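Please read the structure below before turning to the comments.
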Amino acid sequence: MPETRGEAHITGSEQDLALIGPRVRHACQRLWAAMASADRSPDSVALLLATKTQPPAAVRAAVLAARDCGIEPAVGENRVQELVAKAGVFAELGVAAHLIGPLQSNKISAALTALGTPGLAGACIQTVASLDLAHRLARRTTASAPLPVMVQVNVSGESAKSGVDPRDGVSLAEQIADVPELTLAGFMTVGARSADSSVVIAGFDRLRALRDTVWHSGLPGTERAHDLSMGMSGDLDWAVASGATMVRLGTAVFGRRPAVSY
Ligand SMILES: *Cc1c(COP(=O)(O)O)cnc(C)c1O
């Protein structure tokens with residue numbers, strides 16, 4: 001078909017923007033279906049929009065579309081610079097903001113300032129994988145309430161992935177739970193990069209078992225360590241079946257990203 005003048009002036013990004021609403025609705029349906037087939041209640045899994053590389057207009061479109069589906073989403077950024085740049089937009093939308101990428105020591109203050117932006121519905125650092133980072137966060141946070149954090153676990157053992165070794169996950173989490181300036185909210189992982197579903201599911205089950213051990217330990221500060229942030233566009237169904245309480249969706253909502261390595 002010849003290109004019409006009407007279509008020709010639509011830029012790629014306007015087209016992408018128009019696709020976000022339908023994609024979000026589709027993602028919500030996938031999430032509901034996954035919860036239903038796992039016999040879980042429709043509000044048992046939260047939706048985090050992974051907004052890396054997305055401009056404010058796309059973030060806004062996705063948040064509003066999720067609300068239209070009756071889901072109040074959180075947003076997650078991988079890079080502190082992007083979190084800083086978009087914190088105002090997140091606050092204006094009144095969503096909770098999470099850091100889901102690695103946090104270097106020299107970015108701690110910037111991350112904490114961004115996550116303390118008035119108007120945000122909440123904040124969390126999902127990527128704490130060492131006691132050293134937990135202590136640095138505790139020293140730097142100036143918030144009146146404890147800062148919610150999750151322990152990131154590398155369930156697949158893939159060397160390219162961040163996170164604590166699962167064998168050290170329980171003791172790390174129990175020590176972090178005991179840091180008064182932090183609230184241990186749960187655990188986060190990026191699933192194995194494998195076409196074999198049993199490998200991916202075994203990793204999710206391992207995170208859940210780790211969470212259960214810590215949550216049921218009765219140790220100080222572990223009573224809120226309930227969240228399981230696991231499942232992305234490619235593996236959300238398995239994650240929900242394994243007990244995820246939060247899935248993190250990028251591609252399913254925003255389409256394919258330009259190639260950036262995170
Ligand atoms: C990008 C990203 C996601 C979303 O991944 P998709 O496969 O695009 O849904 C989730 N979690 C983390 C940590 C990410 O970096």
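The values are calculated or read from the model by the stated rules, or taken from the named source; none is laboratory data. The shown structure was predicted, so the numbers you read here are calculated from the model rather than taken from an experiment. Cβ placement follows ideal geometry from the backbone for every residue including glycine, while neighbour counts extend to all protein chains displayed.
The figures follow:
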quantity: Any chance A185 is within 17 Å of V75 (Cβ to Cβ) and among the aliphatic types (A, V, I, L, M); calculated: yes
quantity: Matching entry among R60, R140 (being away from the ligand (no atom under 16 Å from the Cβ), modelled with pLDDT of 95 or more, among the basic types (K, R) and more than 23 Å from V24 (Cα to Cα)); calculated: R140
quantity: Checklist (1) crowded, with 20+ Cβ neighbours inside 10 Å; (2) closer than 27 Å to P42 by Cβ; (3) away from the ligand (no atom under 16 Å from the Cβ) applied to M150, failing item; calculated: (3)
quantity: Matching residues, region 212-226, being touching a helix residue (DSSP H, G or I) at 6+ places or on another chain (Cβ under 8 Å) and either free of Cβ contacts under 8 Å to residues at least 24 places away in the same chain or not β-branched (V, I, T) (or both); calculated: S217, L219, P220, G221, E223, A225, H226
quantity: Extreme residue, farthest from A96 (Cα to Cα), among residues of region 153-178 that are away from the ligand (no atom under 16 Å from the Cβ) and of a type in the set (D, E, K, R); calculated: R167
quantity: Of all residues in region 180-218 being of a type outside the set (V, I, T) and over 18 Å from A244 (Cα atoms), the one that is nearest to the chain's Cα centre (by Cα); calculated: L182
quantity: Unique residue being among the β-branched types (V, I, T), surrounded by fewer than 23 Cβ atoms within 10 Å (Cβ to Cβ) and at negative phi when the list is V89, V75; calculated: V89
quantity: In region 53-63, the residues that are in contact (Cβ under 8 Å) with a residue 40 or more places away in the chain and either surrounded by fewer than 18 Cβ atoms within 10 Å (Cβ to Cβ) or touching an Asp or Glu at 6+ places or on another chain (Cβ under 6 Å) (or both); calculated: T53, P55, A57
quantity: Residue list for region 103-129, restricted to those being within 16 Å of the ligand (Cβ to nearest atom) and surrounded by fewer than 17 Cβ atoms within 10 Å (Cβ to Cβ); calculated: Q104
quantity: Residue check, K86 more than 15 Å from the chain's Cα centre (by Cα), within 16 Å of the ligand (Cβ to nearest atom), modelled with pLDDT of 95 or more and of a type in the set (D, E, K, R); calculated: yes
quantity: Long-range neighbours under 6 Å by Cβ, at least six apart or interchain, first residue farther than 11 Å from L236 by Cα within region 21-33, second aliphatic (A, V, I, L, M) and assigned to a helix (DSSP H, G or I); calculated: G21/A65; R23/V253; V24/A62; V24/A65; V24/A66; V24/V253
quantity: Where a residue in region 141-169 is in contact (Cβ under 8 Å) with a residue 60 or more places away in the chain and its partner, wherever it lies, is among the small types (G, A, S), with Cβ under 8 Å and at least six apart; calculated: M150/A185; M150/G186; M150/S229; S162/A129
